[in-house]
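Remarks on the structure that follows.
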Amino acid sequence: MKHSILLALLTIFMVSINAQRPNIVLIVSDDHSYQTISAYGSKYMETPNIDRIAKEGIRFDKAYVTNSICGPSRAVILTGKYSHKNGFKDNANSSFDGSQNTFIKELTKTGYQTAWIGKWHLQTNPQGFSYWQVLPGQGSYYNPDFLMMNGERKRVEGYVSDVVEDAAEKWLSERDTSQPFCLVIGHKNTHRTWMPDTKDLRLFNQSSFPLPANFYDRYETRAAAAVQDMTIDKTMRMGYDLKMFDSKEEEDKEFSIKRMTSAQRQAYMSFYDSIYADFKSKKLSGKALVEWKYQRYMQDYLATAASLDRNIGRTLDYLDKHQLTKNTIVIYVSDQGFYMGEHGWFDKRFMYEESFRTPMVMRYPGVVKSGTVNNQMVMNLDLGPTLLDAAGIKAPSDMQGKSFLPLVKDAAKKGRNAMYYHYYENGEHSVSPHFGISTGRYKLIRFYTRVNGWELFDLEKDPSEMLNIYGKKGNEKITSELKKQLAQLIEQYEDVEARKIMEAGD
Ligand code: SGN
Ligand code: CA
């Protein structure tokens, strides 16, 4: 008797604790730019579902990443630590040490049901989750394979963002409902080579997009920008990227196409073949050719974004349908920003705004007022500590990010006054390694290895970062102040490699 009363009390206690602990859905996309999201004022397309999260919650206008590339960004999100601390510095040589602590492990430990489903890209298998099902490496747009928890490799027919969402909903339906959950949905869209779902191929086919003002940037005053290999003009390939193939044999060389079902391939290639025929008849060259490439790039990229947004809508609908909306935090964030032709580029990596900054919106019913806009500098580094904060768990002291919940709850609260960035990969796309500081008004960057030297930008006067004013007369004071502040951040975050470069001097 005594026992059953105790048990009943304990159950009531656990139920009431769990009622207070919010569920979490973290949606992480790949290479999705804020320039192409209507909540951020995009004129390129509508993203009604991402907009819905922003409208019912908060839009972060100054959300940034610590290292603008896929694997490193996910490792930072998981650990709440900079790349030099979590060990995953670049996509080329790193492999995630899954034995280290993550915000997920902290949640799992306290009873959360946790899962990561979709793009992962950290080389080693996930650890510390109740469930996982991830795309191997970059994953495939069509009929993707999944690595399953039991060691199986499973191919699922369909388009990747639909299939990932299906798996996420399946896990939600089968989870242990006595506990709160944290689900990470990792989308592959809108990554290169921007392969749209067959049903979206024609969405933007008739649209024409204005060129960014600095599309024909000549990279004067910026040595690292001058040596990169990521232009629409020279780097973007007609076959591989834009699907313009001269023969079936050429198409067959592309694994992404070869793996399609015959119906998918038929629908897909007949669309591109007719565009190619028209293209050839035009005999374009010079600026006309590069501008044609830009338009095709935009049309395909936006079509992959449409599928991403539609599947985000499915997640929101699922929460509604299952009465989960009220007690579930939803965060949508990209692993970094992306160039939509600014500086003539696609890809990311640079500490320049389009890739350093990332879209981030959050809905947190009962805590965040709908339609809030936040202008504080927050980083992907802060996501883990923030979610732990929301779950009532104290973040481990070695996590370097800070919860942004206080900033969200109280608009008068001030966050960080500067952000630290460090990018390492020195390979594909030839972007020189660099680290730097941004105060919002100024940005100071130190490039090393491929290119050696400093860049300074006044973001108020030069938001497109076209004029490096480092070493120019009149900037001595601000330069030495920023260097001091940068050195302080390097100390704070214990970035030994950057410290050595600073100490070695110019
Ligand atoms: C691939 C792409 C690159 C891209 C990196 C990193 N090449 O290597 O264009 O910069 O991924 O992207 S591809 O030929 O394989 O498409 S990331 O999002 O994974 O960091
Ligand atoms: Ca990415």
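The values are calculated or read from the model by the stated rules, or taken from the named source; none is laboratory data. These numbers were taken from a predicted model, which means no experiment stands behind them. FYI the Cβ positions are ideal-geometry reconstructions off the backbone, even for glycines, and counts take in every protein chain you see. Accessible surface areas use protein heavy atoms only, side chains included; no ligands, DNA or RNA. Shrake-Rupley method; radii C 1.70, N 1.55, O 1.52, S 1.80 Å.
Which percent of the accessible area of the range 421-503 is formed by carbon and sulfur heavy atoms (probe 1.4 angstrom)? Walk me through the numbers before you get to the answer.
Details: 1940 of 3860 Å².
Using a 1.4 Å probe with all protein chains present, the range 421-503 comes out at 50 percent carbon and sulfur.
Quick one: of Lys348/Lys369; Lys414/Lys473; Lys253/Lys282; Lys89/Lys234; Lys199/Lys409, which pairs are farther than 30 Å apart, Cα to Cα?
Values: Lys348/Lys369 32 Å; Lys414/Lys473 33 Å; Lys253/Lys282 26 Å; Lys89/Lys234 27 Å; Lys199/Lys409 41 Å.
In this structure, Lys348/Lys369; Lys414/Lys473; Lys199/Lys409 lie more than 30 Å apart at Cα.
For the range 390-506, what is the relative contact order in percent, using Cα pairs closer than 8 Å and at least 6 residues apart in sequence? Walk me through the intermediate numbers first.
Details: 128 pairs, mean separation 16.9, N = 117.
Contact order relative to length: 14 percent.
For Lys248, give me every one of the aspartates and glutamates with a C-alpha distance below 16 angstrom, ignoring sequence neighbours fewer than eight places off in its own chain.
List returned: Asp273.
Report, to the nearest whole %, how much of the accessible area of the range 29-172 belongs to carbon and sulfur atoms, 1.4 Å probe, protein only.
On the way: 2080 of 4580 Å².
It is 45 percent, rounded to a whole number.
Could you tell me what percent of the DSSP beta bridges with both partners in the chain are antiparallel, to the nearest 5?
Numbers: 31 of 58 bridges.
So the antiparallel bridges in the chain amount to around 55 percent.
How high is the FRET efficiency between Glu254 and Val227 when r is their beta carbon distance and R₀ equals 41 Å, given to the nearest 0.05? Don't jump to the answer; show the numbers that get you there.
On the way: r = 28 Å, r/R0 = 0.69.
Efficiency, from the Cβ-Cβ distance: 0.90.
Checking understanding here: applying a Kyte-Doolittle mean of at least 0.0 and a length along the axis of at least 18 Å (C-alpha), which whole DSSP H helices in the chain pass?
On the way: long enough: 2-20 (27 Å, 1.31); 160-174 (21 Å, -0.26); 262-282 (30 Å, -0.76); 286-321 (53 Å, -0.71); 476-493 (26 Å, -0.74).
TM-like helix candidates: 2-20.
What 222 nm value per residue comes from the helices of the chain, counting each DSSP H run with n ≥ 4 as -39,500 (n - 2.57) and dividing by all residues, nearest 500 deg cm²/dmol?
Numbers: 16 runs with 178 residues, N = 506.
Per the formula, -10500 deg cm²/dmol.
Would you mind counting up the charge near Leu316? Only other residues with Cβ under 14 Å from its Cβ, with Lys and Arg at +1 and Asp and Glu at -1. Present the calculation step by step, with values, prior to reporting the outcome.
Working: positive: Arg52, Lys55, Arg310, Arg314, Lys321, Lys326, Arg363; negative: Asp51, Glu56, Glu165, Glu169, Asp309, Asp317, Asp320.
Local charge sum for Leu316: 0.
Taking only protein heavy atoms into account and a 1.4 Å probe, give the accessible area per residue of the chain in Å². Intermediate results must be reported in sequence, preceding the final value.
Working: 20540 Å² over 506 residues.
For the chain, the per-residue accessible area is 41 Å².
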